[in-house]
Amino acid sequence: MADIILGIESSCDDTSAAVIKDGYLLSNVIASQQVHKDFGGVVPELASRAHEKNIVPVVSQAIDKAGIKASDIDAIAFTRGPGLLGSLLVGTSFAKALAVSLDKPLVMVNHLQGHILASFIKQYDSENRQPSFPYLCLLVSGGNSQIVKVSSPLDFEILGQTIDDAVGEAFDKCSKMMGLGYPGGPVIDRLAKLGDPKKFTFAKPHIPGLDYSFSGVKTSLLYFVRDRMAEDPSFLENNKEDICASFQKTLIDILLDKLIKAARQTGIKEIAIGGGVSANSGLRERIVLEGKKRGWNTYLPEFKFTTDNAAMIAIAGYFHYLEGERTPLDVAPVSRMADF
Ligand code: KG4
């Protein structure tokens, strides 16, 4: 008999619900919150309130669009963390209530595992290429920058991670600093396409091993802009495309240096990426390019699976469900989660 999993995601500012059947996506509904735009970042209290408003219609739509009845669901997978506690509480409480009312099991999911396993979401109209194990996943988002070795859908090992800012934070903070808007990643990505990536250079970190650091490059950009603006107040306006292209290239170089090192050290040639920054067009092109050069098989998630979505929570929950994992009803969300 088919296994039908409902996934619920509410870790930050997207309320999402998805249904998968035996790993195939039937629906994936996302309500993104616009309320934060004027604040230059997510306001936790506003996010919780918006989740509270969105969760019932979003879950109902996901069930309707999937063409199933709520009673057909075999398990409810939800994001337990990491994320904003108030936001997580909405999804977790809703998942518990639904589990009780339908008398179905709950399965908790680590949000980061969802991003890492997004490559396994199968779609009826797609080629469904999937990495074979073990593979390396470059997990890049607003909160994380990690290289993870994935030996099975339940076996993760962090080989390297940022010791300060995440790469998404570097995009967001630098965009804000240049007055380009929030979230910064998509803005810088768009402007970078119009600029020369070799025009300017920014300091790269020298961190041993496979760890990352992004705070230095952020400061390097800050001082660069400040100094040039002191000489010419219109410098930023006249050069923003080249600055974005050069800054983005620096971030991608940093990411790739360690990923290449990790692939060499482990001998693994199956390479995936995940998380919000995996939507970056420059990073995607570069991964494919390096893959061709180095004989890697590369796996890029579809754009709709790069940012927060419940399809990835449903697929991760599906793997846990198949292993017989069940989460007790007294589970509480957590803003931080220990490594996988
Ligand atoms: O995974 P995500 O949706 O949220 C979490 O951090 O959990 O990632 C959001 C991050 C933000 O920092 C945003 O600026 C970045 O992903 N992002 C991008 C792009 N689209 C989103 N960064 C670079 N290029 C993009 N096209």
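Stokes-Einstein, applied to the Kirkwood radius of region 89-226 over Cα pairs at a viscosity of 1.567 mPa s and 4 °C, places its translational diffusion at 71 µm² s⁻¹. Shown here are the Rg and Dmax of the Cα trace of region 135-304, at 16.0, 55 Å. Our summary of shape: the Cα atoms of region 243-340 have principal axis extents of 49, 33, 24 Å, ordered from largest down, in whole angstrom. On a per residue basis, region 135-304 carries 44 Å² of accessible surface, using protein heavy atoms and a 1.4 Å probe. For the pair region 111-184 / region 199-272, the C-alpha centres are spaced 18 Å from each other. Measuring spread by the Cα atoms of region 1-88 yields a radius of gyration and Dmax of 13.8, 48 Å.
Placing a pseudo-label 7 Å from each Cα along the Cα-to-Cβ vector at GLN265 and VAL288 gives an inter-label distance of 2.9 nm.
Please report, as a whole percent, how much of the solvent-accessible surface of region 135-304 comes from carbon and sulfur atoms (probe radius 1.4 Å). Result for region 135-304: 52 percent of the exposed heavy-atom area is carbon or sulfur. In a DSSP loop and with at most 10 other Cβ atoms within 10 Å, the trypsin sites (Lys or Arg not before Pro) in region 242-336 are ARG336. Among the trypsin sites (Lys or Arg not before Pro) within region 163-239, those in coil by DSSP and having at most 14 neighbouring Cβ atoms inside 10 Å are LYS193, LYS198, LYS199.
Ranking VAL225, ILE254, ASN280 by how far each Cα lies toward the positive end of the dipole of region 181-340 (charges on Cβ) leaves ILE254 at the top.
So if each residue of separation counts as 0.36 nm, and I subtract the Cα-Cα distance between LEU46 and GLU231, what length gain in nm does that give?
Separation in residues times 0.36 nm, less the Cα-Cα distance, equals 62.5 nm.
Are there any GluC sites (Glu not before Pro) in region 233-340 that are in a DSSP loop and have at most 12 other Cβ atoms within 10 Å? List them by number. It would help to have the intermediate numbers written out before the result.
Values: sites: GLU237, GLU241, GLU270, GLU285, GLU290, GLU302, GLU323, GLU325; in loops: GLU302, GLU323, GLU325.
Here the sparse-neighbourhood loop sites are GLU323.
Tell me, rounded to the nearest percent, the portion of alpha carbon pairs in the chain spaced more than 36 Å apart. Counting pairs separated by more than 36 Å, the tail of P(r) holds 21 percent. When each full DSSP H helix of the chain is screened for a Cα extent of at least 24 Å along its own axis and an average Kyte-Doolittle hydropathy of at least 0.0, the helices passing are 85-102.
The values are calculated or read from the model by the stated rules, or taken from the named source; none is laboratory data. Keep in mind the model is a prediction, meaning the values are calculated, not measured. Positions of Cβ are backbone-derived with ideal geometry, glycine not excepted, and every protein chain shown enters the neighbour counts. Heads up: the accessible areas ignore ligands, DNA and RNA and are worked out on the full protein's heavy atoms, side chains in. Shrake-Rupley method; radii C 1.70, N 1.55, O 1.52, S 1.80 Å.
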